[in-house]
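J.: The structure's right below; bear with me while I get my questions together.
Bear in mind these aren't lab numbers, they're just calculated from the coordinates by the rules spelled out. Predicted model only: the values in this text are computed from it and were never measured. Glycine gets a Cβ as well: all are built from the backbone with ideal geometry, and neighbour counts include every protein chain shown.
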Amino acid sequence: MDIFDNTILCKKCNRAMKPQLVSKNGFNLRTIKCEKCGEIIVHPSDKQEYEEFIKLKQKEYEVKMRMVGNSYAVSIPREIVDFMREQENMINDMVKLSFQEAGRISLSFNTPEQENSRSISTKEVRIVRNGKVFHAKQVSDSANPKNNKKVILRNELNEEEEETEDGR
């Protein structure tokens, strides 16, 4: 029996809290929320699992890249594999590998190969060039590459330039 199977009352308002699903960093967290005061409680097991993920995410690993036949292989640290096993039994499953930019490769585990699956990412940077400050935003959409764009804001002139992934 799960604690969230029962009606839970808000400790501030003494009203029944409503279940919700909150998505954070790719995690679906079961929560309950008081509609009157906004108090939110995250399911304890989901919270613990999410905190383990954050700890792993903050670590940086140095791994070896080896030649295996005509391909390269990269070792994945055991603690990452153990964490993913806890998530779902995915060992021996196919993973999605993509070349994101120079010097950056992405591995995606447990991604459904559906027409509707997509990955949208954004990156923001500040660039100082010749004493001028530029703010650049980049948006990437895996389902609609036509929507990929870079926006450069020039702080001094408050000008905005937009270009698509192919440089237009």
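J.: List the lysines whose Cα lies under 26 Å from the Cα of residue 132, skipping any in the same chain that are fewer than 8 positions away.
T.: The reachable lysines, counting only those whose Cα sits under 26 Å from residue 132, are 123, 149, 150.
J.: Could you give the nm distance between label points at residue 85 and residue 35, where each point is 7 Å from its Cα heading toward the beta carbon?
T.: 4.4 nm
J.: Across 5 Å bins from the origin, how do the percents of Cα pairs in segment 3-46 run, short distances first?
T.: In order of increasing distance, the bins hold 5, 25, 31, 22, 12, 4, 1 percent.
J.: Moving on to the next point. By how many nm would the segment from residue 129 to residue 65 lengthen if fully extended, with 0.36 nm per residue of separation less the alpha-carbon distance?
T.: 19.5 nm
J.: Compute the relative contact order of segment 3-46 as a whole-number percentage, counting only Cα pairs closer than 8 Å that sit 6 or more residues apart in sequence.
T.: 29 percent
J.: Counting other beta carbons within 10 Å of each residue's own, what order do 2, 82, 46 fall into, fewest first? Please list the in-between numbers first.
T.: Values: 2 8, 82 11, 46 18.
Lowest count first: 2, 82, 46.
J.: Continuing with this model, one more query. Could you please rank 101, 49, placing first whichever residue has the fewest other Cβ atoms within 10 Å of its Cβ? Intermediate results must be reported in sequence, preceding the final value.
T.: On the way: 101 10, 49 15.
Fewest to most other Cβ atoms nearby, the residues stand as 101, 49.
J.: So if R0 is 25 Å, what FRET efficiency would residue 74 and residue 101 give, r being the distance between their Cβ atoms, rounded to the nearest 0.05?
T.: Efficiency computed from Cβ-Cβ geometry: 0.90.
J.: Arrange 61, 50 by Cβ neighbour counts within 10 Å, fewest through most, would you? Intermediate values should be presented prior to the final figure.
T.: Values: 61 10, 50 17.
Ascending Cβ contact count within 10 Å gives the list 61, 50.
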